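Below you'll find the structure, written out as structure tokens, and then a few comments.
Derivation of every value follows stated rules applied to the coordinates shown; laboratory data play no part. Because the structure is predicted, anything quoted here is derived from the model rather than measured. Don't worry about glycine lacking a Cβ; one is built from the backbone with ideal geometry, like all the others, and counts go over all protein chains shown.
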Amino acid sequence: MLSPETETELAGMVAAATGPLRVVGGGTQPVGPPITAQILSTANLPGISLYEPGALTIVAQAGTPLAQVTEALGKENQRLPFEPMDCRRLLGTDAEPAAGGTGEPTIGGAVAANASGPRRIQAGACRDSLIGVRFVDGSGDIIKNGGRVMKNVTGYDLVKLMAGSRGTLGVLTEVAFKVLPGIAASVTLRATGLDDAAAVAVLAKALGSPFEVTGAAHDATGAEPATLIRLEGFETSVAYRTEQLTKLLSPLADISVDNNPDSVSETWRSVRDARALAGRDGDVWRISVKPSDGPTVAARLGDVPRLYDWGGGLIWALVQPGTDVRAKMDSIAGHATLIRASEATRASILAFHPEPAAIARLSHGLRAQLDPRQILTPGLMA
């Protein structure tokens, strides 16, 4: 295993590599097919490089534990806007991280996966808060967005490209974010017993209102479905919006309100991390579609445990082992990612949704520019 302690050392290792490399941070989200490659760990690249609370900016090395970043921001009553997911329970990596991983989610891993939680509907994805990156490309060159940019990638938005690239375009060494002030108060509006279509209608009504919803989910993983809506902000504002939104939704469902800070936080951590599907037998898929198509997709999958987020546009589904849910999405626009399955299933079913031909050509050309030897986590997104 390669464990560089500096960016320069990492660049030298990549330049000297003679075979494929698999980039690992915390090892908490081993999504994709089994890959035979030498492990390149960023675990020894931790630390917050710069934090300016007044400028709402933080810069950290890629191997910095996400908890460390969250703690530093919390001391200044600030937060990452995009509410990054913690995959450990869902993927079982809390007990056994991927080879080479520390078992702690890292800020670099959050960027590599473009990890974005329930607040995405209001604050955007990880890539929308990301304002700068440093990384080592497949030739061993150190690239900084806005600084040294290789001639043959001039014109690309490297920040956006690196978010969600999962180590296939370069090895992240440092990331910079715009952050937001902390939240003074939050509540959960809850309706129970709704079917999927009725729940998505309630969520759509809430999201279409002027009341600044920051979470919209429907949990159909158990015996009694729960439809969940989150409001956040200053206490007086939250109280007013809660009253008004409850009135707005009352013709569609009976609404109860939870304003206990601890239980509200726990509810939305559970949604963020898809905890209701953790520890249960079966494959887990992450399906992204137009919210109004969500109930149709779920109906085609059958009566399987499912959790909707983003107003119904994101579906976490627990299905029988070896099921390819893409076969059920015929004529429905969207994409599906295999998140958790046996090694045999991950070897036989593409983890990431096949790209349209035009996009695939662009992706191939981009990888040829940034990783001409094709050594960085090859085959992950094939």
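First select every other residue whose beta carbon is under 15 angstrom from the beta carbon of Ala197; then total the charges, Lys and Arg +1, Asp and Glu -1.
On the way: positive: Lys205, Lys290, Arg300, Arg306; negative: Asp195, Asp196, Asp293, Asp303.
Here the count lands on 0.
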*What helices in the chain pass both tests, a Cα length along the helix axis of 24 Å or more and a mean Kyte hydropathy of 0.0 or higher, using whole DSSP H runs?*
none
*Whole-Hz Karplus ³J(HN,Hα) for region 310-322, in order, using 6.51 cos²θ - 1.76 cosθ + 1.60 and θ = phi - 60°, x for Gly and Pro?*
6, x, x, x, 10, 10, 9, 10, 9, 10, 4, x, x
*Between Arg300 and Asp262, what is the FRET efficiency for a Förster distance of 41 Å, r being their Cβ-Cβ separation, to the nearest 0.05?*
0.65
*In bins 5 Å wide, starting from 0, what share of all Cα pairs of region 1-138 does each bin hold, as a percent?*
2, 10, 19, 22, 21, 15, 8, 4, 1, 0
*Vicinal HN-Hα couplings computed from phi for region 214-221 (Karplus, 6.51 cos²θ - 1.76 cosθ + 1.60; Hz; Gly/Pro x)*: 10, x, 8, 9, 9, 9, 10, 9
*Can you put His218, His335 in order, fewest other beta carbons within 10 Å first?*
His335, His218
_Amide H of Met85 versus every other amide H placed in the peptide plane: which residues, excluding those fewer than 5 positions away on the same chain, fall under 5 Å?_
Ser116, Gly117
*Any idea how far apart Glu76 and Glu355 come out in nm if each label point goes 7 Å out from Cα toward Cβ?*
3.6 nm
*asked:* Please arrange Ile58, Ile35 by how many other C-beta atoms lie within 10 Å of their C-beta, fewest to most.
replied: Ile35, Ile58
*asked:* Give me, ordered by chain and number, the residues 5 or more places off Gly138 or on other chains with an amide H under 5 Å from its own placed amide H.
replied: Asp371
*Gyration tensor (Cα) of region 185-272, equivalent ellipsoid semi-axes in angstrom*: 19, 16, 10
_Using 20 Å as the Cα-Cα cut-off, could you pick out the over-long pairs in Lys144/Lys178; Lys160/Lys290; Lys75/Lys178; Lys205/Lys290?_
Lys160/Lys290
*Thr102's amide H: which non-local residues (gap 5+, or another chain) put their own amide H closer than 5 Å, with H modeled 1.01 Å from N in plane and none for Pro or chain starts?*
Gly26, Gly27
*Just going by the charge dipole of region 133-247, with Lys and Arg at +1 and Asp and Glu at -1 on Cβ, which of Thr192, Ser209, Val159 is farthest out on the positive end?*
Val159
